[in-house]
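Here is the structure we will look at.
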Amino acid sequence: MASLEQLAAQLYDAGAVQLGDIEAMKGRRTPIYFDLRVVVSHPSIMMAVVLHLQNLADEIEHDILCGVPYAALPFTAIMSVNSNTPMIMKRKEKKLYASKKILEGIFQPKQKCLVVEDVVTSGGSLLETVGTLRDEGLIVTDAVIVLDREQGGASILKRNGVRVHSLLTLGKLVKMLRDAGRISDETVETVFDHIKVSQFGVGDNLEIAE
Ligand SMILES: O=C(O)c1cc(=O)[nH]c(=O)n1[C@@H]1O[C@H](COP(=O)(O)O)[C@@H](O)[C@H]1O
């Protein structure tokens, strides 16, 4: 299996790391954007990401998997098949006809559901999925993710009862890319400055209603 350092360089070479003044979700600006959607075009990188996520998942007790739509869905599907663990899928919007479901797949209340996500910035996307899963009676205490951008999302999730287990943090990723000769010291510094000044926390209203 590729080491995390090798995987970081492979992701960079596949175009998963964009540098510049980039618009992220909700109009946020960032000097670095990690786009895991490109991985569907690189099966060997896909498999490496999945094997690393699976290593994290193996340490966490769970009955069922759920990926946050859409980027995490291919990873979750492969983890499900590899580990023979059923998965469910959350729809972005509730189906308005036939079953009218928000979750696709079979599950039972009180089953332990492990959430899979690509990137956590504020934690908002992951929290939304956790809220839906809990509303449907599932128990959610942990999430495995590829990248924690270290902007406060993991603490917000912890406050909402979700432990985040990440393959990479943004700080580690940029250092690995610098050591692999992909990015400059200056870019590493810019990213660290960005992390410092772009924190989410109390006041950002990222809580699940009781
Ligand atoms: O918009 C982002 O902050 C973001 C940054 C990044 O480097 N990569 C990335 O994929 N994102 C998107 O932001 C989401 C996570 O942001 P939060 O919901 O704030 O945690 C991810 O699911 C992506 O849609």
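The values are calculated or read from the model by the stated rules, or taken from the named source; none is laboratory data. What you see is a predicted model; the values in this text were computed from it and never measured. Here Cβ is always computed from backbone atoms with ideal geometry, including for glycine, and neighbour counts include all displayed protein chains. SASA here: full protein model, heavy atoms, side chains in, ligands and nucleic acids out. Shrake-Rupley method; radii C 1.70, N 1.55, O 1.52, S 1.80 Å.
In region 1-27, the residue that is surrounded by the most Cβ atoms within 10 Å (Cβ to Cβ) out of those that are within 12 Å of the ligand (Cβ to nearest atom) and in a helix (DSSP H, G or I) is Leu11.
Looking across Ala143, Ala154, one residue alone is open to solvent by 10 Å² or more (accessible area, probe 1.4 Å) and either touching a residue at least 12 places away in the same chain (Cβ under 8 Å) or within 12 Å of the ligand (Cβ to nearest atom) (or both). It is Ala154.
Mind listing just one residue for me: the one in region 33-48 that is touching a strand residue (DSSP E or B) at 6+ places or on another chain (Cβ under 6 Å) and open to solvent by less than 30 Å² (accessible area, probe 1.4 Å) and, of those, nearest to the ligand (Cβ to nearest atom)? Break it down into steps so the answer makes sense when it comes.
Of the residues in region 33-48, the ones touching a strand residue (DSSP E or B) at 6+ places or on another chain (Cβ under 6 Å) are 33-34, 36.
Narrowing the set further to residues that are open to solvent by less than 30 Å² (accessible area, probe 1.4 Å) leaves 34, 36.
Values: Phe34: 4, Leu36: 7 Å.
In this case the residue turns out to be Phe34.
One residue alone among Ile88, Ile106, Ile60 is open to solvent by less than 60 Å² (accessible area, probe 1.4 Å), farther than 16 Å from Ser166 by Cβ, more than 15 Å from the chain's Cα centre (by Cα) and away from the ligand (no atom under 16 Å from the Cβ), and that residue is Ile88.
Does Tyr70 count as among the aromatic types (Phe, Trp, Tyr), assigned to a helix (DSSP H, G or I) and open to solvent by 20 Å² or more (accessible area, probe 1.4 Å)? No: the conditions fail for Tyr70. Of the candidates Thr85, Thr30, the single residue that is touching a helix residue (DSSP H, G or I) at 6+ places or on another chain (Cβ under 8 Å), farther than 15 Å from Ile145 by Cβ and assigned to a strand (DSSP E or B) is Thr30.
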